[in-house]
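J.: Below you'll find the structure I mean.
The values are calculated or read from the model by the stated rules, or taken from the named source; none is laboratory data. In this text the structure is predicted, and so the values were computed from the model without any measurement. Because the Cβ atoms are built from the backbone with ideal geometry, glycine has one as well, and the counts that use them run over all protein chains shown.
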Amino acid sequence: MSAELFAEDSAQKTVQRYQPLADRMRPLSLADYIGQQHIIGEGKTLSQAISNQSLHSMVFWGPPGTGKTTLARIIANSVQAHFINLSAVLAGVKDIREAIAQAKHWQSQGELTILFVDEVHRFNKSQQDAFLPYVEDGTIFFIGATTENPSFELNNALLSRVKTYVLKSLSEDDLQAVIRQALSRDLQLLQLDIDIDPLSLNMLARMADGDARRALNFLEIACDLAELSTAELITDNKISARRVISQQIIEDVTSQSVRRFDKGGDLFYEQISALHKSVRGSNPDASLYWFARMLDGGCEPLYIIRRVVRMASEDIGNADPRGLQLALAAWQTYERLGSPEGELAIAQAIVYLASTAKSNAVYTAFKLAMADAKKFASAEVPEHLRNAPTALMKDLGYGENYRYAHDEEQAFAAGETYFPDEMGEKEYYSPVERGLELKIKQKLDTLRQLNRKHEKS
């Protein structure tokens, strides 16, 4: 191949560079932007700022595929600002310095710069602090995007200088609109003449799990697999066959997809919190749903059962001690059977815990006792409670006047004290009037009443 032909072939390849559908369909204006009406709807702060071209620094917090980067680009276009895009995963100090230098150059010409940092939570404290002087002096308008809670991942100094906007997962209706928009506007898909029935469209939107990028990626693959329809269409006196995306194609395309579930991120903790609160709230149906959601998202069942054991102790306690036994049995069953058979035992434990009597009396009592243990960390053991295995210890009074409970009436030494002298007697444990704790409460009320009578006599 001659040099001229090689150069021409290379140029054609450059022009025909592959561009994913999600990138081709990135909206350029708010008119084409789908979703997030709670922040860009009419009268909202962000939409007013864009329409008035009154820019401010901000952070977009939301799940993947909810339009954080796209919205930042739309803002830059709307206010006619230069747009510098940095990824906190790839960028270093050198990249930050070059971006600031470029922004200063544009500022000297009276032009605005938006510095967009994707995954900003990946920057360490010093890297985040590096932006502060330039945000304050107007060199840049900072827009950060993060999938993690800014309250935990960003410096307070940076947070105090930006407004945080929370982006939500797209609804299935929004995702269907995204898909229809791509089928009706993308030139490459229009050439394929794609047809998708309502059930397949609904399935595709549902499997995208709130993520527009995922929806478009699924759509692009599905279009490549679309089959020619046997029904012929006559347009402009030409006979053509449409390519049809069937439900089977959607199932094939999405079969290996994993739900959004970051094992170290907010979705993880939000869902385990929802499971815990559903059990505590005595709703076995919601408890099963959140358990199934976490399994569907790829959560390790052993992590879930460890949390279930905690629920049994924290929220059921002595109201039904069988709950803890059942949770531990479910743990052992899963370890022996594995997945998916062992997951049924975990489900059984979750349903039982959600359905049975509740008490956090032991949990509350334990926290009170821990607080006093720190407060009276040096309090001595009373002499009558000390062990006296040697003659010297007996001579020192260890164990003297101790009353052996089994020798007392009802095996209870009324009036005997067990706390350090400087503390006095405490009552941490207050059983609830539910389940087994109702009987425990009646028993303790009787014993405490005997103690009070002994004190008066």
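J.: From Ala31, Ala99, which residue is farther than 21 Å from Leu132 by Cβ and of a type in the set (Gly, Ala, Ser)? Lay out the reasoning, then the answer.
T.: Details: Ala99 fails: farther than 21 Å from Leu132 by Cβ.
The conditions single out Ala31.
J.: Here is a further query. Among (1) touching a Leu at 6+ places or on another chain (Cβ under 8 Å); (2) without any contact (Cβ under 8 Å) to a residue 60 or more places away in the chain, which single condition is Asn156 missing?
T.: Only one criterion is unmet by Asn156, namely (1).
J.: Let me ask something additional. With the requirement that a residue be at pLDDT 85 or above and within 17 Å of Ile305 (Cβ to Cβ), what does the range 248-279 give you? Even if it seems obvious, please write down each step before you answer.
T.: As a first pass, look at the range 248-279 and keep what is at pLDDT 85 or above: 248-253, 271-279.
Listed by number, the residues that qualify are Gln271, Ile272, Ser273, Ala274, Leu275, His276, Ser278, Val279.
J.: Pull up the range 412-441, narrow it to residues that are at pLDDT below 90 and of a type in the set (Phe, Trp, Tyr), then point me to the one that is surrounded by the fewest Cβ atoms within 10 Å (Cβ to Cβ).
T.: Tyr418
J.: Would you mind finding the one in Asp372, Asp315 that is closer than 26 Å to Phe419 by Cα and among the charged types (D, E, K, R)?
T.: Details: Asp315 fails: closer than 26 Å to Phe419 by Cα.
Just a single option satisfies the conditions, and that option is Asp372.
J.: Grab the helices (runs of 4 or more DSSP H) fully contained in the range 20-77, keeping just those with 1 or more residues being closer than 21 Å to Thr164 by Cβ and either in contact (Cβ under 8 Å) with a residue 12 or more places away in the chain or among the hydrophobic types (A, V, I, L, M, F, W, C) (or both).
T.: Numbers: elements: 21-24, 37-40, 45-52.
Where helices (runs of 4 or more DSSP H) fall fully within the range 20-77 and carry at least 1 residues being closer than 21 Å to Thr164 by Cβ and either in contact (Cβ under 8 Å) with a residue 12 or more places away in the chain or among the hydrophobic types (A, V, I, L, M, F, W, C) (or both), they are 37-40, 45-52.
J.: Let me ask something additional. Checking Glu400 against (1) among the acidic types (Asp, Glu); (2) in contact (Cβ under 8 Å) with a residue 24 or more places away in the chain; (3) more than 20 Å from Asn283 (Cβ to Cβ): exactly one of these is not met. Which one?
T.: (2)
J.: Something else about it: For the range 317-329, name all the residues that are buried (at least 20 other Cβ atoms within 10 Å of the Cβ) and either in contact (Cβ under 8 Å) with a residue 60 or more places away in the chain or over 30 Å from Lys443 (Cβ atoms) (or both).
T.: Within the range 317-329, Gly317, Asn318, Ala319, Asp320 meet the criteria.
J.: Within the bounds of the range 398-418, is there any residue that is touching a Phe, Trp or Tyr at 6+ places or on another chain (Cβ under 7 Å) and either in a helix (DSSP H, G or I) or within 30 Å of Tyr289 (Cα to Cα) (or both)?
T.: Going residue by residue through the range 398-418, those that are touching a Phe, Trp or Tyr at 6+ places or on another chain (Cβ under 7 Å) are 405.
Imposing the further condition that a residue be either in a helix (DSSP H, G or I) or within 30 Å of Tyr289 (Cα to Cα) (or both) reduces the set to 405.
Within the range 398-418, one or more residues are touching a Phe, Trp or Tyr at 6+ places or on another chain (Cβ under 7 Å) and either in a helix (DSSP H, G or I) or within 30 Å of Tyr289 (Cα to Cα) (or both).
J.: Oh, and also: So Ser151 ticks every box in (1) in the same structural domain as Gln128 (by TED's automatic domain parsing); (2) surrounded by fewer than 19 Cβ atoms within 10 Å (Cβ to Cβ); (3) at pLDDT 90 or above but one. Which box is left unticked?
T.: (3)
J.: Pairs only if they're at least six apart or on different chains, beta carbon under 9 angstrom, first in the range 429-449 and more than 17 Å from Pro321 (Cα to Cα), second of a type in the set (Gly, Ala, Ser) and surrounded by 15 or more Cβ atoms within 10 Å (Cβ to Cβ); list them, first residue then second.
T.: Partner pairs satisfying both residue conditions: Leu447/Ala414.
J.: Quick check: is even one residue across the range 213-225 under 32 Å from the mean Cα position of the chain (by Cα), over 15 Å from Val253 (Cα atoms) and either among the polar types (S, T, N, Q) or part of a helix (DSSP H, G or I) (or both)?
T.: No, the conditions are met nowhere in the range 213-225.
J.: Can you tell me which residue is nearest to the chain's Cα centre (by Cα) among those in the range 377-402 that are under 30 Å from Lys441 (Cβ atoms) and surrounded by 14 or more Cβ atoms within 10 Å (Cβ to Cβ)?
T.: If we filter the range 377-402 for residues that are under 30 Å from Lys441 (Cβ atoms), which is where we start, we get 379, 381-382, 384-385, 402.
So of that shortlist, the ones also surrounded by 14 or more Cβ atoms within 10 Å (Cβ to Cβ) come out as 379, 382, 384-385, 402.
Values: Ala379: 44, Pro382: 49, His384: 53, Leu385: 50, Tyr402: 55 Å.
Looking at residues that are under 30 Å from Lys441 (Cβ atoms) and surrounded by 14 or more Cβ atoms within 10 Å (Cβ to Cβ), I get Ala379.
J.: In this structure, is Val89 assigned to a loop (DSSP other than H, G, I, E, B) and either in the same structural domain as Gly144 (by TED's automatic domain parsing) or basic (Lys, Arg) (or both)?
T.: Numbers: assigned to a loop (DSSP other than H, G, I, E, B): yes; either in the same structural domain as Gly144 (by TED's automatic domain parsing) or basic (Lys, Arg) (or both): yes.
Here the answer is yes, as Val89 does meet what is asked.
J.: Every residue in the range 99-137 that is among the hydroxyl-bearing types (Ser, Thr, Tyr), buried (at least 20 other Cβ atoms within 10 Å of the Cβ) and in a helix (DSSP H, G or I), please.
T.: Going through the range 99-137, the residues among the hydroxyl-bearing types (Ser, Thr, Tyr) turn out to be 108, 113, 126, 134.
Next cut, buried (at least 20 other Cβ atoms within 10 Å of the Cβ) only: 113, 134.
Scanning the range 99-137 gives a single hit, Tyr134.
J.: Out of (1) assigned to a helix (DSSP H, G or I); (2) modelled with pLDDT of 90 or more; (3) closer than 30 Å to Ile249 by Cβ; (4) among the polar types (S, T, N, Q), the odd one out for Ser169 is which?
T.: (1)
J.: On to the next question. Report the residue count in the range 72-97 for those that are surrounded by 13 or more Cβ atoms within 10 Å (Cβ to Cβ) and touching a strand residue (DSSP E or B) at 6+ places or on another chain (Cβ under 9 Å).
T.: Of the residues in the range 72-97, 17 are surrounded by 13 or more Cβ atoms within 10 Å (Cβ to Cβ) and touching a strand residue (DSSP E or B) at 6+ places or on another chain (Cβ under 9 Å).
J.: Can you list residue pairs whose Cβ atoms sit under 9 Å apart, with the first residue in the range 211-240 being within 30 Å of Thr70 (Cα to Cα) and among the small types (Gly, Ala, Ser) and the second being assigned to a helix (DSSP H, G or I) and modelled with pLDDT under 85? Count only pairs 6 or more apart in sequence or on different chains.
T.: Qualifying pairs under 9 Å: Ala222/Thr254.
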